[in-house]
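I have placed the structure first, in the form of structure tokens, so that the comments after it can refer back to it.
None of the figures in this text is laboratory data; all of them are computed from the coordinates on show. Because the structure is predicted, anything quoted here is derived from the model rather than measured. For neighbour counting, all protein chains shown are included, and Cβ atoms are generated from backbone atoms with ideal geometry for every residue, glycine included.
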Amino acid sequence: MALGIRKFIQNAISELNVLKFSFRKTIFGFEYANLMIRSIDKKSLTKILTAYGANLGKGCDIETGLTFHNCTDYVNFSVGDNAHVGKNCFFDLAGKINIGKNAVVSMNSIFLTHINIHRSELEKIYPPKVIEISIGDDTYIGAGSIVLMGVKLGKSCMVAAGSTVNKSFGPGSFIAGSPAEFKKMLKSDAE
């Protein structure tokens, strides 16, 4: 009996948080409402992300404390079936971020899809750019890793914790370092 009441209360809280988010967005704008994302429970987070355009697969697990930047909705955020996104990750949604099915993004990871240094003379050398990020199915991103714009990681890659991934790697690559370098091919179950 108590479990039924708990579930009812959790559902009611998540519905209330969706309404709060919608109210904040309507009155103060999306950027203000988006601040709420960092401090809500998992169920509310999933409902809000989905309600505002994120494509979340079946059975995916999205932890709390996330930060979404450069967005007016969550359309550029896609997470595959059974994937996991850890606590306190940062997602720059200027461009699309696609996380494959069964992928794991560990806590405190950062995804940056753009560069814009418009207040500096360096803009002449590095003009503004937005390029999507794609993380393959069954890929693991270690804690505290940074994935930069344009990176495509193939199926079953492994990124060591604390790596800075600034280029793409093919399927089965184990990569590590800052900047990340190819270390070895991972063995498949068939080998």
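Does His118 satisfy being out of contact with any Leu (no Cβ under 8 Å at 6 or more places or on another chain) and within 20 Å of Ile62 (Cα to Cα)?
Numbers: out of contact with any Leu (no Cβ under 8 Å at 6 or more places or on another chain): yes; within 20 Å of Ile62 (Cα to Cα): no.
In short, no.
Within the range 84-98, how many residues turn out to be within 13 Å of Gly150 (Cβ to Cβ) and of a type outside the set (A, V, I, L, M)? Step through it out loud before you land on a result.
Pass one, the range 84-98, residues within 13 Å of Gly150 (Cβ to Cβ): 92, 94-98.
From what's left, of a type outside the set (A, V, I, L, M): 92, 95-96, 98.
Of the residues in that region, 4 qualify.
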Residue count, the range 103-133, condition under 18 Å from Ala161 (Cα atoms) and either assigned to a loop (DSSP other than H, G, I, E, B) or of a type outside the set (A, V, I, L, M, F, W, C) (or both), comes to 6
Breaking point among (1) β-branched (Val, Ile, Thr); (2) within 25 Å of Ala143 (Cβ to Cβ); (3) out of contact with any Lys or Arg (no Cβ under 8 Å at 6 or more places or on another chain), for Ile62: (3)
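How many residues are part of a helix (DSSP H, G or I) and more than 23 Å from Met149 (Cα to Cα) when one looks only at the range 39-73? Walk me through it before giving the result.
Start the filter on the range 39-73 by keeping residues that are part of a helix (DSSP H, G or I), which leaves 39, 42-51.
Among the residues that remain, those that are also more than 23 Å from Met149 (Cα to Cα) are: 39, 42-48, 50-51.
Residues meeting the conditions: 10.
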Read through the list (1) touching a residue at least 24 places away in the same chain (Cβ under 8 Å); (2) in contact with a strand residue (DSSP E or B) (Cβ under 9 Å, 6 or more places away or on another chain); (3) among the aliphatic types (A, V, I, L, M), then give the number of the only condition that Val75 fails. (1)
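Would you mind stating whether Ile131 is surrounded by fewer than 18 Cβ atoms within 10 Å (Cβ to Cβ), of a type in the set (Val, Ile, Thr) and in contact with a Ser or Thr (Cβ under 8 Å, 6 or more places away or on another chain)?
Working: surrounded by fewer than 18 Cβ atoms within 10 Å (Cβ to Cβ): yes; of a type in the set (Val, Ile, Thr): yes; in contact with a Ser or Thr (Cβ under 8 Å, 6 or more places away or on another chain): yes.
Yes; evaluated as a whole, the condition is true for this residue.
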Looking for something farther than 14 Å from Asp73 by Cβ, surrounded by 11 or more Cβ atoms within 10 Å (Cβ to Cβ), among the charged types (D, E, K, R) and out of contact with any strand residue (DSSP E or B) (no Cβ under 7 Å at 6 or more places or on another chain) - is there at least one such residue anywhere in the range 25-38? no
Find all pairs meeting these conditions: Cβ atoms under 8 angstrom apart; at least six residues apart or on different chains; first residue within the range 108-122 and within 15 Å of Leu93 (Cβ to Cβ); second residue surrounded by fewer than 13 Cβ atoms within 10 Å (Cβ to Cβ). His114/Pro128; Ile115/Tyr126; Ile115/Pro128; Asn116/Pro128
